[in-house]
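Report on the structure given below.
The values are calculated or read from the model by the stated rules, or taken from the named source; none is laboratory data. Keep in mind the model is a prediction, meaning the values are calculated, not measured. So basically every Cβ, Gly included, is an ideal-geometry build from the backbone, and we count neighbours across all protein chains shown. All accessible areas refer to the heavy atoms of the entire protein, side chains included, with ligands and DNA or RNA removed. Shrake-Rupley method; radii C 1.70, N 1.55, O 1.52, S 1.80 Å.
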Amino acid sequence: MTALMRGETPLTVTAVLNHDKPQIYPRVDDDATIVLTYPHTQAVIMASWNWPFGRKDMEVYGANGYAITVGPEKVRLRHEHDSEEHLNAADSLSGPRNNSLSYLAAVVHGQLEPKGDLTALDTNVIVMQILDAARESARTGKSVNLTKLGN
């Protein structure tokens, strides 16, 4: 969500944790729901080791439609004027962004500056703020207010 919000820090973080399978995961919570609030939107993150299979999907709902990923290569789209959704091929990443080693080499050689993307330090500082606030929220049962850290 941090990358989708172009590095904006959420206003609040609220988290609830569950320990659904202590016999399998005796020392960790295995299910988390984290709600991020922003001035004009919210995000719900659902993370779990409790599902029967791995999931890496995302649903984005906007003012005029939605996009839902279907695996790494497809996306379901529907605009407010569409009578039904459409399944489209997702564009593959090109150039050095299509695999981690090429990306790293491009950064090391000065061909890419990782700013505002999933690997960037600025993005990951905000992600760490969110995760820390989520732990605090789960511990206290209250929402945690965030402020953007220095540039």
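Amide H neighbours of K21 under 5 Å, at least 5 residues apart or on other chains, H built in the peptide plane: list them.
Result for K21 returns D30.
List, in order, the whole-Hz ³J(HN,Hα) value for each residue of the stretch 27-33 obtained from phi through the Karplus relation with A = 6.51, B = -1.76, C = 1.60 and θ = phi - 60°; use x for Gly and Pro.
Working through the residues one at a time gives 10, 9, 6, 10, 8, 9, 10 Hz.
What lysines does K115 reach when the alpha-carbon gap must be under 25 Å and sequence neighbours fewer than 8 apart in one chain are set aside?
Correct list for K115: K56, K148.
Using a probe of 1.4 angstrom, how much of the accessible area of the chain is carbon and sulfur, in percent?
Ligands and nucleic acids excluded, carbon and sulfur reach 55 percent.
How long is the gain from V44 to M58 if the chain were fully straight, where each residue apart is worth 0.36 nm and the alpha carbon distance is subtracted?
Length gained, V44 through M58: 4.0 nm.
Of the candidates D30, D82, D117, which one comes out as most mobile in a Gaussian network treatment of the chain with C-alpha springs shorter than 10 Å?
D82
For a Förster distance of 25 Å, can you work out the FRET efficiency between the beta-carbons of R78 and A3, rounded to the nearest 0.05? Walk me through the numbers before you get to the answer.
Details: r = 23 Å, r/R0 = 0.91.
For R0 = 25 Å, the calculated efficiency reads 0.65.
Tell me the label only: which of (1) 20.5, 79; (2) 18.0, 49; (3) 17.9, 59 is Rg and Dmax of the Cα atoms in Å as calculated from this structure?
(2)
Positive end of the charge dipole of the stretch 1-125 (Lys, Arg +1 and Asp, Glu -1 on Cβ, about the Cα centre): tell me which of L121, A15, Y38 has its Cα farthest that way.
Final value for the positive-end residue is L121.
Skipping prolines and chain starts, which residues have an amide H placed within reach, meaning under 5 Å, of the one on M58, given they are 5 or more residues away or on another chain?
Amide H neighbours of M58, under 5 Å, 5+ apart: T69.
Tell me the Kirkwood radius of the stretch 63-105: reciprocal of the mean inverse pair distance over distinct alpha-carbon atoms, in Å.
Values: mean 1/r = 0.0826 Å⁻¹.
When all Cα pairs of the stretch 63-105 are included, the Kirkwood radius is 12.1 Å.
Mean separation of Cα pairs under 8 Å and 6+ residues apart, divided by the residue count of the chain: what relative contact order is that in percent?
27 percent
How would S83, S137, S48 rank on accessible area, largest to smallest, probe 1.4 Å?
I get S83, S48, S137, largest accessible area first.
Once phi is turned into ³J(HN,Hα) by the Karplus curve 6.51 cos²θ - 1.76 cosθ + 1.60 with θ = phi - 60°, what whole-Hz value does each residue of the stretch 130-139 show in order, with x for glycine and proline?
With coefficients 6.51, -1.76 and 1.60, one gets 4, 5, 5, 5, 5, 4, 5, 4, 5, 5 Hz.
Can you list the aspartates and glutamates whose alpha carbon is less than 16 Å from that of K21, not counting same-chain residues fewer than 8 positions off?
Cα-Cα hits under 16 Å: D29, D30, D31.
Where only protein heavy atoms count, and the probe is 1.4 Å, what is the accessible area per residue for the chain in Å²?
74 Å²
So, taking all protein chains as they sit and a 1.4 Å probe, how much accessible area belongs to T123, in Å² rounded to tens?
Per-residue accessible area (T123): approximately 10 Å².
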